[in-house]
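Take a look at the structure set out below.
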Amino acid sequence: MGWVENKLDYAGGRLEQAVEHAATKLNEVVRDGINHAGGELRDVVVEASREVDAKLEKISEELHSQRHFTKADVQELVDYAAAQFGATLDARIERLRSEAEALIARRQAEVVRERKRFVVFTLIAAGVVVTLTTLLMAAALMK
């Protein structure tokens, strides 16, 4: 049995050596794959970083140009605001004037109606007085 044991020990040793060799080779392949993937990832990150930086720079320039007002820009904005305020004020004054004119016209029409009614009632009252006076005179003459 010594011979079988020697053969088994030899086969076991060879198997261990083969496993160690495979592990070493696999470790190298994995390390190379990780290094390669890391290099590609680094390139992608660097390129993305450049693109982000470029876009941030463009945004920064745009914001700066929008925030930068010259004296002429401010004067133009003030003039525009004054024109808009003036137009709004003019429109409100015109509306108020129209409403006031309409109110005055209604009041004048009411005054004219009231005067007409007064004249009519005065004429009716005068007619009644004349009629009553005539009747009283006629009654007095008849007695």
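The values are calculated or read from the model by the stated rules, or taken from the named source; none is laboratory data. Fair warning: this is a prediction, and the values are worked out from it, not measured in the lab. All Cβ positions, even for glycine, are placed from backbone atoms using ideal geometry, and neighbour counts span all protein chains on display. Quick note on the areas: whole protein, heavy atoms, side chains included, nothing else; ligands and nucleic acids left out. Shrake-Rupley method; radii C 1.70, N 1.55, O 1.52, S 1.80 Å.
Is one or more of the residues making up segment 109-130 of a type in the set (S, T, N, Q) and either open to solvent by 100 Å² or more (accessible area, probe 1.4 Å) or not in a helix (DSSP H, G or I) (or both)?
For segment 109-130, residues of a type in the set (S, T, N, Q) and either open to solvent by 100 Å² or more (accessible area, probe 1.4 Å) or not in a helix (DSSP H, G or I) (or both): absent.
Just one of Glu16, Glu5, Glu57 is under 60 Å from the mean Cα position of the chain (by Cα) and in a helix (DSSP H, G or I); which is it?
Glu57
Kindly indicate whether Arg95 is basic (Lys, Arg), under 37 Å from the mean Cα position of the chain (by Cα) and surrounded by 10 or more Cβ atoms within 10 Å (Cβ to Cβ).
Yes, satisfied.
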